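What follows is one structure encoded as structure tokens, with my remarks underneath.
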Amino acid sequence: DVLEGRPLDLAGRHVVVSAGGTREFLDPVRFLGNRSSGRQGFALAAAAVARGARVTVVAANVELPAPAGVDVVRVVSTEQLRQQVLLAAEGADAVVMAAAPADFRPAQFVDAKIKKTPDGATPEIRLVENPDILVELVGARAGAAPVIVGFAAETGDATATVIEHARAKLARKGCDLLVVNDVSDGKAFGRDDNEAVLLGADGSVVEVPLGPKTALAHAVWDAVVQRLD
Ligand code: CTP
Ligand code: CA
């Protein structure tokens, strides 16, 4: 049992976890979304409770029961996720952005269902970029608190490896830790296990072998605890 013998090293701490994937509606019935299930975010929340923390989870479209002892705020869109995360982060000791926010949203929401036209014309959907919540959290923090953790699902490509892309992202975001998943062949989505590399802004690298999402959650909190004052 990964919980056995764990100290209550988050007692007296308030941590915020975002989970799931945001949806951006085009009309009352259609949305742009992604494959994030919220399992890793909920595992992080449950693990933090087990270590004594007060936990707020901001959950975007997560179709799972809330872990026991967690305050859950349910949201749909990236803008709602942004507002609730920034609110919950005030005075928090750590924020873990495990959610997958949609990067873009339709430039406009159409109140009535978009209909096919008799002439077969294809609608064009213009997108605008959503705010980057992680970058905003980093910009808003006072001194060293809270410890801020990002997640990144990456694939290697012709220009760089997974880790190279991730290092660049960590630097761009300015957070303390980046939890990197290699999703080159569709791994990690909707599964109960996960493997990852934890990259620290201080240059540290921790490899977490394939195992239950709970084990990765505890590895993340281990790294967070090290960085709490
Ligand atoms: N993130 C965020 N706000 C956004 C987009 C992403 O806070 N609008 C956070 C995610 O929750 C995650 C981290 O940033 O913790 C990295 O997300 P990712 O999608 O990998 O980063 P992007 O900057 O959107 O890069 P990409 O173009 O690769 O999607
Ligand atoms: Ca993104």
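Quick one, what does Rg over Rh come out to for the stretch 137-189 if you take C-alpha atoms and the Kirkwood Rh? If you can, show how the numbers build up before the last one.
On the way: Rg = 12.8 Å, Rh = 12.1 Å.
Reported Rg/Rh (Cα atoms, Kirkwood Rh): 1.06.
At q = 0.10, 0.14 Å⁻¹, what is the base-10 log of I(q)/I(0) for the stretch 43-200 according to the Debye formula with one equal point scatterer per Cα and no solvent? Please give it to two decimals.
Reported log10 I(q)/I(0), two decimals: -0.46, -0.85.
Restricting the calculation to Cα positions, tell me the Rg (one decimal) and the Dmax (whole number) of the stretch 26-93 in Å.
My reading of the Cα-based Rg and Dmax gives 13.1, 42 Å.
Can you give me the relative contact order of the stretch 18-103 as a percent, contacts being Cα pairs under 8 Å and 6 or more apart?
It comes to 40 percent, rounded to a whole number.
Give the long-range amide H neighbours of Asn194: residues separated by 5 or more places, or on another chain, with amide H under 5 Å away, using H modelled in the peptide plane at 1.01 Å from N.
Gly211, Lys213
Where does the Debye-calculated log10 I(q)/I(0) of the stretch 109-229 sit at q = 0.10, 0.17 Å⁻¹, using only Cα point scatterers of equal weight, no solvent?
Result of the Debye calculation: -0.45, -0.91.
Do any trypsin sites (Lys or Arg not before Pro) in the stretch 75-161 lie in a loop, going by DSSP, with at most 12 other beta-carbon atoms within 10 Å of their beta carbon, and if so which?
Lys113, Lys115, Lys116, Arg126
Largest first and in whole Å, what are the equivalent-ellipsoid semi-axes of the stretch 1-132 based on the Cα gyration tensor, each being the root of 5 times an eigenvalue?
Here the semi-axes work out to 37, 14, 10 Å.
How large is the charge dipole for the chain, taken about the Cα centre, if only the Cβ atoms of Lys, Arg (+1) and Asp, Glu (-1) carry charge, to the nearest 20 debye?
520
For the chain, what is the mean residue ellipticity at 222 nm derived from helices alone (per DSSP H run of n ≥ 4: -39500 (n - 2.57); sum divided by total residues; nearest 500 deg cm²/dmol)? Let's see the in-between values first.
Numbers: 5 runs with 59 residues, N = 229.
After summing the helix terms and dividing by the residues of the chain, the value is -8000 deg cm²/dmol.
Using unit Cβ charges (K, R positive; D, E negative) and no other charged atoms, how large, in debye to the nearest 20, is the dipole of the stretch 155-229 about its Cα centre?
On the way: 8 positive and 12 negative charges, 50 e Å.
Approximately 240 debye in magnitude.
If you fit an axis through the alpha-carbon atoms of helix 213-227 and take the longest principal axis of the Cα set of the chain, what angle between them do you get, 0 to 90°, nearest 10?
Result, in degrees: 60.
Relative contact order of the chain, please, whole-number percent, based on alpha carbon pairs below 8 angstrom and at least 6 residues apart.
Contact order relative to length: 20 percent.
Run down the aspartates and glutamates and flag those whose C-alpha is under 17 Å from the C-alpha of Lys113, throwing out any fewer than 8 positions away in its chain.
List returned: Glu24, Asp27, Glu124.
Which whole-number value in Å² is the accessible area per residue of the chain, probe 1.4 Å?
For the chain, the solvent-accessible area averages 51 Å² per residue.
Please give the length that would be gained between Glu164 and Glu207 if that part of the chain were fully extended, namely 0.36 nm times their separation in residues minus their C-alpha to C-alpha distance (nm, one decimal).
Once the chain is fully extended between Glu164 and Glu207, it gains 14.0 nm.
Pairing the Cα long axis of helix 162-173 with the longest principal axis of the chain, what angle in degrees results, from 0 to 90 and rounded to the nearest 10?
90
Rounded to two decimals, what is the ratio between the C-alpha radius of gyration of the stretch 80-122 and 2.2 N^0.38 Å?
Output field value: 1.98.
Report, in degrees rounded to the nearest 10, the 0 to 90 angle that the Cα long axis of helix 78-89 makes with the longest principal axis of the chain.
Rounded to the nearest ten degrees, it is 20.
Order 153-159, 119-125, 17-23, 89-95 from most to least packed using the mean count of other Cβ atoms within 10 Å.
Listed from highest to lowest mean packing, they are 17-23, 89-95, 153-159, 119-125.
The values are calculated or read from the model by the stated rules, or taken from the named source; none is laboratory data. Predicted, not measured: the structure shown is a model, and the values here were computed from it. All Cβ positions, even for glycine, are placed from backbone atoms using ideal geometry, and neighbour counts span all protein chains on display. The area values use the complete protein model at the heavy-atom level, side chains included, leaving out ligands, DNA and RNA. Shrake-Rupley method; radii C 1.70, N 1.55, O 1.52, S 1.80 Å.
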